[in-house]
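Asker: Let me begin by handing over the structure; questions about it come next.
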Amino acid sequence: MKVVILCGGKGTRLREETEYKPKPMVEIGDRPVLWHIMKLYSHYGFKDFILCMGYKHQVIREYFLNYRYMNSDITVSLASDHQILCHNSHDEDWNVTLAYTGLETKKGGRIKMVEPYLDGKRFMVTYGDGVSDVDIRDLIAYHEHQGALATFTGVHPISRFATVERDKNGRIIDWNEKKQLEGYMNAGFFVLERAVLDHIEGDVEFEEQPIKQIAQEGNLAMYKHNGFWQCMDTYRDYLLLTELWDSGKAPWKVWRD
């Protein structure tokens, strides 16, 4: 089953890092957030990726074209043949399809554009800026059990602002920073049947017309994930994820070194 990762956005709310690189290439530790997402899928045995690129796609392209050399000890012969010898190897045995899907294309349009690279009856889709400890195998099993056309992963959002509670007289009786809110929000990590592609008409946002139509048909399911999830949407998010990684306690690191 192939994994489509949406990597085309401009990341305008993270301009401190995205002025010179696309948001999926912003590093947590010494690795792009995109690498962290791919490591999660790889841990569960899914190693065939399609990257839907857009803004500054050359950075992603160069990263994977040079991946072997940048992650191994090498000897470079400076003779005329300019041979390069890799002494050790990285652990990733991934297949990565790099697909340029336009600068302004919406997410649904990007997914539709990589249809030629999708085979089989089912595939997965996620965003290139969100890390989680979601169990991919359990997610797929839930999707199969539901018999749905599409399943997304729902998480409890964390408020960015203080939340308060009042008594009947209007006095504040409780104050909470970063409180986990009730209800669920879409965190990505979709499992999709191939027929979902038939619901994407033109350049549309995937979460709007296609998903709404699938929901109205009764074919949309939500996998409830009560564990860790965090997107890298702002510089504050970037600092949080970096701090967790540097502490050695990153919840999304479910793989072994």
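What follows is calculated from the coordinates using simple rules that are stated; it is not laboratory data. Since this is a predicted model, take the numbers as computed values, not measurements.
Asker: Give the angle, between 0 and 90 degrees and rounded to the nearest 10, that separates the Cα long axis of helix 33-43 from the longest principal axis of the Cα atoms of the chain.
Answerer: Helix 33-43 and the main axis of the chain meet at about 90 degrees.
Asker: Right, next: Mind scanning LYS21/LYS224; LYS21/LYS212; LYS21/LYS249; LYS47/LYS249; LYS10/LYS47; LYS168/LYS212 and naming the pairs with a C-alpha gap bigger than 30 Å?
Answerer: Beyond 30 Å: LYS21/LYS224; LYS21/LYS212; LYS168/LYS212.
Asker: Would you mind checking the tilt of helix 136-146 against the longest principal axis of the Cα atoms of the chain, expressed as 0 to 90 degrees and rounded to 10?
Answerer: That helix lies at roughly 50 degrees to the long axis.
Asker: Let me ask something additional. Restricting to bridges with both residues inside the chain, how much of the DSSP beta-bridge set is antiparallel, in percent to the nearest 5?
Answerer: 50
Asker: Using Cα-Cα distances under 8 Å and only pairs 6 or more residues apart, what relative contact order does the stretch 181-257 have, in percent?
Answerer: 18
Asker: Could you grab the relative contact order for the chain? Cα pairs under 8 Å, six or more apart, rounded to a whole percent.
Answerer: Relative contact order comes out at 24 percent.
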